[in-house]
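Asker: Below you will find the structure I want to go over with you.
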Amino acid sequence: MDKNYTSTRNDKVKLSAKDAIKKGFADDGGLFVYPQLNSDISLKSLLSLNYQEIAQIILEKLLPGFSKEEIQTSIFDAYNDSFDTPTITPLVAVDDFYVLELFHGPTSAFKDIGLQILPQLMKKVLKPDNKVMILTATSGDTGKAALEGFKNLDQMGITVFYPYQGVSKVQQLQMETTNGNNTDITAIRGNFDDAQSNVKKIFNDKNFKQSLGNKVNLSSANSINIGRLIPQVVYYFASYVQLVNKHSIKLGQKVNFTVPTGNFGDVLAGFFAKQMGLPVNKFIVASNENNVLTRFFNTGIYDRNLPFHQTVAPSMDIQISSNFERLLYYESNQDTAYVKKLMDQLEQSGRYQVSDKVLTAIRDDFFCAYSTDDEIKSSINSVFKREHYLMDPHTAVGYKAMRDYQKTGDQTPNILLSTASPYKFVHAVSKAILDNPIDDDRLAMQQLQQFSNVAIPQNLIKVFDLPIRHRDVIEKNNMEDYIKSKIEEKFYDKNSSARN
Ligand SMILES: *Cc1c(COP(=O)(O)O)cnc(C)c1O
């Protein structure tokens with residue numbers, strides 16, 4: 001099988017797309033990358049295709065080693081009527097820009113796009129006697145989306161860690177009410193970065209992995225897994241095609257994408273699309289007050305030794321953007337020794353500085369800006385008042401950054417990625433537009449619906465009536481023990497010690 005994938009920290013590593021998805025994370029601590037992004041995809045040939053057909057072309061190109069049929073059945077099982085619109089990712093004209101709505105999947109966040117298909121791809125990767133435990137750190141949205149994708153699948157278990165009191169009430173209920181015979185969810189006393197770093201540590205712990213026996217693999221549902229990231233490339237192409245077909249732009253004309261950013265996965269998928277030939281001028285990277293990326297774009301210094309802020313856009317409360325490592329790989333012309341040096345510095349001192357050359361290359365492709373909580377609320381308010389379009393707080397972070405960028409004078413058409421339904425963050429949204437917002441979550445949703453005339457997604461209104469099934473809270477240093485006990489429960493017969 002073609003070994004087209006490598007590690008960001010060592011280009012001697014060679015493995016297939018299938019193995020990259022199965023492992024999730026390189027043994028050297030790096031992330032898996034596909035070096036040959038340039039492609040000869042003809043944009044014109046995409047114009048007559050629907051979302052699933054565009055996905056077929058993109059995934060065949062980026063996941064060599066999967067057969068056409070394997071990709072086709074994965075797409076079929078992922079993108080169907082579990083989405084509430086046949087276009088999967090509809091594009092809406094608002095004022096002088098376009099909103100790409102990525103929240104029409106089963107959990108109402110953009111994470112569904114990657115996490116509906118990753119489990120389907122994983123199915124095609126596992127041999128009959130393989131078992132895999134999916135470890136997921138979540139700032140709120142990945143957890144539920146991963147649980148929905150992986151629940152009840154044979155040979156697979158999933159364990160989700162989220163920050164105790166660090167997610168919205170609806171997000172927490174979505175996770176706590178999950179059914180399925182292979183799902184575990186626990187809060188940890190710590191923030192998202194703690195959860196993510198500890199998951200990474202566990203991946204790097206060879207003794208721990210050995211203790212699991214040789215049939216149980218660990219893998220990841222976070223965007224460090226290339227199998228989740230690559231399906232996100234599709235909607236960049238699909239939205240461009242929609243714009244051309246609506247005669248809003250000419251074929252070949254450049255567009256800008258604004259992307260609310262946390263772990264840098266979503267916007268990196270856009271960068272992949274650009275490398276593959278999509279006509280993109282700039283990516284506008286938008287952060288909340290956890291603005292380590294904005295500082296980086298200004299100075300070339302990535303410094304995660306900053307206070308962690310809980311904001312009204314909690315899915316982006318992240319100071320360590322994992323996928324930025326992948327960007328450094330591409331923007332340094334695939335210099336893996338250089339990436340390793342920077343990542344070692346990050347580990348040792350919490351900071352690194354890139355060369356002028358790399359910084360210039362990054363600034364060519366990206367612009368970065370951030371919003372405070374107050375700015376998020378006033379963006380939600382002004383767009384609703386003027387345009388009657390209801391944005392969630394993450395989308396509002398993007399909106400402000402897009403407006404900041406327009407002040408540079410660039411006239412390129414703008415596509416703003418909308419990453420969640422406003423109802424997932426009902427309190428922040430209500431406070432932004434209502435005079436007397438209600439405290440109770442369910443009533444608040446109904447109040448917002450009445451006022452805005454935007455329908456509440458079914459999956460969100462349902463959570464209030466489902467039984468709570470998961471209540472665990474653990475210390476952040478006990479994640480390894482927790483995983484181990486869940487693996488014992490799921491994959492090993494308790495009376496037998498046969499672990500091979
Ligand atoms: C995860 C998430 C983001 C950030 O996406 P990244 O790929 O981590 O950059 C933005 N908005 C919402 C609603 C999310 O769930």
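Asker: Out of the residues in the range 378-406 that are among the charged types (D, E, K, R) and within 16 Å of the ligand (Cβ to nearest atom), which is farthest from Phe451 (Cα to Cα)?
Answerer: This residue is Lys400.
Asker: Whether any residue in the range 441-462 is touching a Cys at 6+ places or on another chain (Cβ under 8 Å), buried (at least 19 other Cβ atoms within 10 Å of the Cβ) and among the aliphatic types (A, V, I, L, M) is what I want to check.
Answerer: Scanning the range 441-462 turns up no residue that is touching a Cys at 6+ places or on another chain (Cβ under 8 Å), buried (at least 19 other Cβ atoms within 10 Å of the Cβ) and among the aliphatic types (A, V, I, L, M).
Asker: Further, regarding this structure: Can you tell me how many residues in the range 141-198 are aromatic (Phe, Trp, Tyr) and more than 16 Å from the ligand (Cβ to nearest atom)?
Answerer: Of the residues in that region, 2 qualify.
Asker: Before we move on, is Ile202 touching a strand residue (DSSP E or B) at 6+ places or on another chain (Cβ under 9 Å) and surrounded by 22 or more Cβ atoms within 10 Å (Cβ to Cβ)?
Answerer: So Ile202 fails the test.
Asker: While we're here: Condition check: more than 16 Å from the ligand (Cβ to nearest atom), surrounded by fewer than 24 Cβ atoms within 10 Å (Cβ to Cβ) and either within 12 Å of Leu448 (Cα to Cα) or among the acidic types (Asp, Glu) (or both). Does Lys431 satisfy that?
Answerer: yes
Asker: Inspect all residues belonging to the range 232-243 and state whether any of them is farther than 24 Å from Tyr329 by Cβ and surrounded by fewer than 19 Cβ atoms within 10 Å (Cβ to Cβ).
Answerer: No, there is no match, as no residue in the range 232-243 is farther than 24 Å from Tyr329 by Cβ and surrounded by fewer than 19 Cβ atoms within 10 Å (Cβ to Cβ).
Asker: Report, by residue number, each residue of the range 126-140 that is farther than 17 Å from Thr177 by Cβ and near the ligand (Cβ under 10 Å from one of its atoms).
Answerer: Ser139
Asker: If Asp28 satisfies all but one of (1) surrounded by 15 or more Cβ atoms within 10 Å (Cβ to Cβ); (2) among the acidic types (Asp, Glu); (3) at pLDDT 95 or above, what's the number of the condition it fails?
Answerer: With (1) surrounded by 15 or more Cβ atoms within 10 Å (Cβ to Cβ); (2) among the acidic types (Asp, Glu); (3) at pLDDT 95 or above applied to Asp28, the lone miss is (3).
Asker: Between Leu466, Leu460, Leu443, Leu448, which is free of Cβ contacts under 8 Å to residues at least 24 places away in the same chain, out of contact with any strand residue (DSSP E or B) (no Cβ under 9 Å at 6 or more places or on another chain) and among the hydrophobic types (A, V, I, L, M, F, W, C)?
Answerer: From the options Leu466, Leu460, Leu443, Leu448, the qualifying one is Leu443.
Asker: Just to check your reading of the model, which residue among Asp410, Asp465 is more than 30 Å from Asp96 (Cβ to Cβ), charged (D, E, K, R), out of contact with any Pro (no Cβ under 7 Å at 6 or more places or on another chain) and surrounded by fewer than 17 Cβ atoms within 10 Å (Cβ to Cβ)?
Answerer: Just a single option satisfies the conditions, and that option is Asp465.
Asker: Taking the criterion of being touching a Lys or Arg at 6+ places or on another chain (Cβ under 6 Å) and of a type outside the set (Phe, Trp, Tyr), would at least one residue in the range 459-467 satisfy it?
Answerer: no
Asker: When you go through Val454, Val429 one by one, which is the residue that is of a type in the set (A, V, I, L, M, F, W, C) and assigned to a helix (DSSP H, G or I)?
Answerer: Only one candidate passes the filter, namely Val429.
The values are calculated or read from the model by the stated rules, or taken from the named source; none is laboratory data. Treat the numbers as computed from the prediction; the structure is a model and nothing was measured. Every residue, glycine among them, receives a Cβ derived from its backbone with ideal geometry; neighbour counts consider all protein chains shown.
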